[in-house]
Structure formats: C-alpha cells, structure tokens
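Data first, discussion second: the structure below is written as structure tokens.
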Amino acid sequence: MSGSTFGQLLCVTNFGESHGPAIGCVVDGCPPGLELSEADLQPDLDRRKPGTSRHVTQRRESDRVEILSGLYQGHTIGTPIALLIRNEDAKSGDYAELADTFRPGHADYTYWRKYGRRDPRGGGRSSARLTAPMVAAGAIARKWLAQSFGMRIRGHLQQVGELVVPFESWEMVDANPFFAASLQCVPQLEAHLDALRRSGDSCGAIVRVVATKVPAGLGNPLYDKLDARIAYAMMGINAVKGVEIGAGFGAATEAGSTHGDELTPGGFVSNHAGGMLGGISTGQDIVVRLALKPTSSIRLPRRSVDLQYRAVKVATQGRHDPCVGIRATPIAEAMLALVLMDQALLNRAQNADVSHELAPLPGSID
C-alpha cells in the first residue's frame, strides 16, 4: 500500500491495522546523538490513548511503546528507529456485521473500491488507531526541535459541535480530558458529550495548534511551501476536513491594510499570516487550526448498501469516540513537529552557510 510514508529527510513509515497484533512506524533520518528512550515518547502516547475518560472510546490500550532499533547506549545513531505498539484490547466481533456492508461517512466503501478487499475490524488501516505511531514519532521530533531551537508545540480544543471553548491559559490544557484551555467550560463539555453518547450520535470539533520559537527560513516558495506541507500533514489526520493557517478563511473578509502584518524595528505588529509568508517561516509563532468531522461510526441506524448494492440499515455497536476531536490535540501537535523537524533538516542541508549581518527582528528567531 502506497501512501504510508511521510516526510522527505525525516521519513516516517506507518504500519499495522487497528485489530492486528501491533501497530508502529519506522523513523528514518533522525540525526545521531539525540538522547532518547521510551520514557521520552510515552507521555504523548498517554495523552492520546483511548479509555482515558468516559467521553472517549472505552477500548483499553496501554499504548506502551517499544524502541526496537536505532539506539545505542541511549542515543540515536543515525539508523532507522523502529517503534512498536502492541494491540491489547481488540474486539473484532463488534465488526462482524460490517464485513458485507459499508458505514456511511466511513472509508469502508472507498477502501473496497480501491483494493477489492478490506479489513472491517475496527476499520483496519483507516482507523484513527493508526495515529498512535505518528504521535510516538512526533515525540522524537518534538525533543529534537526543543533541543535545537527551544521550540515548543502546543495545541488545545477550540470548539466541540456548536460549543465554543474560550482560551484562558495553556496550563489548563492538560488539566482536563478535553485539552481545553479553560476549566470553566468543562462541565458544559461533559454534559454535551454525555448527551451525545446517550443519543448514539456524534459531533465534530475544531483544534488549534501553535509552535513557538520557530526559526525563520523554513519551507520553500511555490509548490513546496511550509504552509502546504503543514496542510498536507494535517489533512492526513483521520476525520480532518479543513485546515486554516493564521487568519485562514477569516482573511477573505479582511482588508489588505489590516491583514498584511506590518514590520517595525520592534518586530512584526501582528501575525495574520500564521508565521509564514511566501511559503517560508517568518520566525513568528506558527498557528494552525483543524476542523474535524463527526465520528462516522454511530449507533443510530443509517441507510447504506451491502456488497451487492442492496439497501440495508447500518448501526455500529463497537466502542467509538462521540467526538474524535477530543483526542486530536496530541496528534496535531505530533504532525506539526514532524513537518517542522523535516523542514529544519532540509533547510540545514541547503542553507547551512547562509548568514546575516543583522539579527532577526525582535519577536522572531533565525
């Protein structure tokens, strides 16, 4: 199956199925000398894993990561790093009735049309379970970026269905099961998700992710813009149907006199561009928003067809998130980290000798 490898210099090849023995990835291109262990990766996996609250799928997976290669005496040695996560709580019987039918809004039909066969157990390769290896790989990138630039990548939930979540403080994000930057709205979120679960329905969400201390000069003009690479990565996350950079769609209603980020000796006045101009990072914060669709696997009966195109009703009885956006924050952080490390390595390969007499503008870095 093509399409399972991400990145140019830092390449991550994802493997496995939702209900197979294990899932994982191979990270190739990580520079040697990075101190690394499972303990560096596990915290991010714990943030993403299922069963952490009543508001997400109750599939019980420890998501313990194993590093099988690429290390010697606790440091990377420049060779491929193999990461393995064993599946421990697959209940394939929940999907027996889906072997001959297609869930509306899911990838069942398209996988069958493309490959002529599919793994219906938990969605196989189309399952969001396959984001776990990417979170593990992203943790490697996150550590390298922090050591190289002091970069920090953080995300938070901005909206669940029609419920807007205000931003109060980054410190609140990991203090609740929703990755909300506000604790005041948690009771509303709990009530909303409880009602969704009782009804058997689902809803979408919006997630925002921000990278700080990003050096200027990452990315390329024309067809390999940094924004294009980021959008490509984010659209590769399950259920993502929209990506905004900076002002995003809001830019359509702004005037050029206000949208263009003015430069002063004291630095940029604003960041409507989201940290990128002409496909190249400015040294400001990179700001990305993702729109995630409602979970396709729901208990409510919906119209579909079977393998002979006969009309059927499909209701999914397995364990599913009523809102996949709840656990999307660490996934979005990981994918942004992988893009930025890949672009930093590419920039170092081409432009290591580029220097400037002037320091970067205040508020940005080189």
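The values are calculated or read from the model by the stated rules, or taken from the named source; none is laboratory data. Quick caveat: nothing in here was measured; it's all calculated off a predicted structure. All Cβ positions, even for glycine, are placed from backbone atoms using ideal geometry, and neighbour counts span all protein chains on display. Only protein heavy atoms, including side chains, enter the accessible area calculation; ligands, DNA and RNA are left aside. Shrake-Rupley method; radii C 1.70, N 1.55, O 1.52, S 1.80 Å.
With respect to the conditions (1) open to solvent by less than 70 Å² (accessible area, probe 1.4 Å); (2) basic (Lys, Arg); (3) free of Cβ contacts under 8 Å to residues at least 40 places away in the same chain, LYS293 lacks only one, and its number is (3). Yes or no: segment 178-185 includes at least one residue that is out of contact with any Leu (no Cβ under 7 Å at 6 or more places or on another chain) and surrounded by fewer than 18 Cβ atoms within 10 Å (Cβ to Cβ). Yes, there is a match, as at least one residue in segment 178-185 is out of contact with any Leu (no Cβ under 7 Å at 6 or more places or on another chain) and surrounded by fewer than 18 Cβ atoms within 10 Å (Cβ to Cβ).
List the residue pairs whose Cβ atoms are under 9 Å apart, where the first residue sits in segment 158-175 and is of a type in the set (Ser, Thr, Tyr), the second is open to solvent by 40 Å² or more (accessible area, probe 1.4 Å), and the two are 6 or more positions apart or on different chains. Filtered contacts from segment 158-175: SER169/LEU183. Filtering segment 169-221 to residues that are under 25 Å from SER297 (Cβ atoms) and aromatic (Phe, Trp, Tyr) leaves PHE178, PHE179. The set of residues in segment 1-53 being aliphatic (A, V, I, L, M) and over 23 Å from HIS75 (Cα atoms) consists of MET1, ALA22, ILE23. Among the residues making up segment 325-361, none is in contact (Cβ under 8 Å) with a residue 24 or more places away in the chain, open to solvent by 70 Å² or more (accessible area, probe 1.4 Å) and not hydrophobic (A, V, I, L, M, F, W, C).
Within segment 232-254, the set of residues being open to solvent by less than 60 Å² (accessible area, probe 1.4 Å) and aliphatic (A, V, I, L, M) comprises ALA233, MET234, ILE237, ALA239, VAL240, VAL243, ILE245, ALA247, ALA251. The numbered conditions (1) in contact with a strand residue (DSSP E or B) (Cβ under 6 Å, 6 or more places away or on another chain); (2) closer than 26 Å to GLY250 by Cβ are all true for ALA273 except (1).
Note on segment 187-231: among residues that are of a type in the set (Val, Ile, Thr) and closer than 24 Å to GLN8 by Cβ, the one that is surrounded by the fewest Cβ atoms within 10 Å (Cβ to Cβ) is THR212.
Does ALA146 count as open to solvent by less than 30 Å² (accessible area, probe 1.4 Å) and modelled with pLDDT of 85 or more? Judged against the criteria, ALA146 is not a match. Of the listed requirements (1) on the phi < 0 side of the Ramachandran plot; (2) in contact with a helix residue (DSSP H, G or I) (Cβ under 9 Å, 6 or more places away or on another chain); (3) open to solvent by 30 Å² or more (accessible area, probe 1.4 Å), PHE167 misses just one: (2).
In segment 233-253, the residue that is farthest from the chain's Cα centre (by Cα) out of those that are within 22 Å of GLY325 (Cβ to Cβ) and without any contact (Cβ under 8 Å) to a residue 24 or more places away in the chain is GLY250.
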